[in-house]
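Please treat every number below as a calculation from the coordinates, not as lab data. On a predicted model such as this, the values are computed, not experimentally measured, just so you know. Ideal geometry is used to build each Cβ from the backbone, glycine not excepted, and the neighbour counts take in all protein chains shown.
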Amino acid sequence: MDRLDELRGPVPPRPHDARAIAALAANPGCARRAVLDAAGIDKDATATHLGFPAPFGQSPFAITRGNVFEALVKESGCAELLRLLREILGLPIPLASYTDLGDVGGNPSAHLRHSHTRRLLDRAARDGDDAGTLYDHPLLRLDIAGHTSYLEPDVVAFRLGGRFHIVEIKSFSVIDGQAEPDKVAAAARQAAVYVLALRDTLEELGHDPARVSHDVVLVCPENFANRPAATLVDVRRELAVLRRQLARMTRVGAIVDALEPGLTFDLVPDAGGAPTRPVADLREAVRGVGARYAPDCLSTCDLCFFCRDEAASEGSTDLLGRQVRDALGGVATVAEALGLADGSLIPDEGQEEIARLLRLADRMYAEVS
Ligand code: SF4
């Protein structure tokens, strides 16, 4: 798509990793994100040049903790993981073998690893019920709006009964059977990306994609100790949102066609790659595509601080969260909501009911304060 190349400028499209693809499903209504992602624009570099660098990136402590936990789960040919899978999936002991796809004969090339992963998955799918195997570091591929992204699930498990399961290993704790809902939701979205990529791979190979289970195995440390525990997480809802969002990205043409002619997010990098575009100019360009800010953006999108600042400067009700925004349906700004509440603003047609509720809330608040 030439227009998408123009929007990005003369740099290669940024590949999407599973975390970035999963984040697409977090705010499907945002046209700004849909356009920037479809064009493969480096949102982190854009946000940094705008003066609003993203808060993402794990602390070295969290990375080390994650690596130590993953190594524990996978040590001795995934012995600990096999114990968990036997319990949760009923994996029969004699059928579990372990294959590391981290390189092919010492060659770590993505293309080679992907071909090798496909070959082994094809063989496992043809072998039927007797091919129980754990594939460590498989490399899958997903096409996002015409660009290919390579994705590496933690593990793919293949069990008796002919079904594949994605295993996602996370280092956040499960305490008394409960984990932080935000973290579980993010892990489910990420695992859904792998399920989709594995289903696409099986379909390309002529197998039934439904053989990839929508139940993913989430492995986390239990009760402050490092002992791993496994839970099945149903990612059907995340898959549906993801599919819709990916389809929307491939149809992003309608949004792109409506943009100002000549609009571009090109950072005009110098010979060393440093952006030289005037910031005010870039700000205008980014504001040229409508956003749909929500507080969740703070954990999912590189442009979150820029969009939050924009929403604050407009006094937008988006800042108050999706629930409040939806409850205030059609009231775009906090000033408008306050005006309707104290009666200083006459409701527009269709706003009568929300104005009545706001006036009621205002009276109740006045009575108790
Ligand atoms: S941070 Fe901005 S661009 Fe990103 S999803 Fe939220 S509103 Fe859209």
The orientation-averaged projected area of the Cα convex hull of the stretch 1-106, in nm², is 11.6
Hey, what D do you get for the stretch 60-241 in µm²/s if you plug the Kirkwood alpha-carbon radius into Stokes-Einstein at 4 °C and 1.567 mPa s?
78
How big is D, in µm² s⁻¹, for the chain by Stokes-Einstein at 25 °C and 0.890 mPa s if Rh is the Kirkwood radius over C-alpha pairs?
106
So the angle from the long Cα axis of helix 236-250 to the longest Cα principal axis of the chain, reported in degrees to the nearest 10, equals 70
If I take R0 = 22 Å and measure r between the Cβ atoms of Leu72 and Gln178 in this structure, what FRET efficiency does the formula 1/(1 + (r/R0)^6) give, to the nearest 0.05?
0.50
All-pairs alpha carbon distance profile, the stretch 168-301, 5 Å steps from 0, percent:
2, 8, 12, 13, 13, 12, 12, 11, 9, 6, 2, 0
Relative to the first principal axis of the alpha-carbon coordinates of the chain, what is the inclination of helix 352-368, with its axis defined by its Cα atoms, in degrees from 0 to 90 and to the nearest 10?
90
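Arrange Ile354, Ile63 by Cβ neighbour counts within 10 Å, fewest through most, would you?
The most exposed by this proxy come first: Ile63, Ile354.
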Using alpha-carbon coordinates, inclination of helix 60-89 to the longest axis of the chain, degrees:
50
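Pop out the Kirkwood hydrodynamic radius of the stretch 232-313 from its pairwise C-alpha distances, inverse of mean 1/r, in Å to one decimal.
Radius from the Kirkwood sum: 15.6 Å.
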How large are Rg and Dmax for the stretch 231-271 when calculated on the C-alpha trace, in angstrom?
17.3, 50
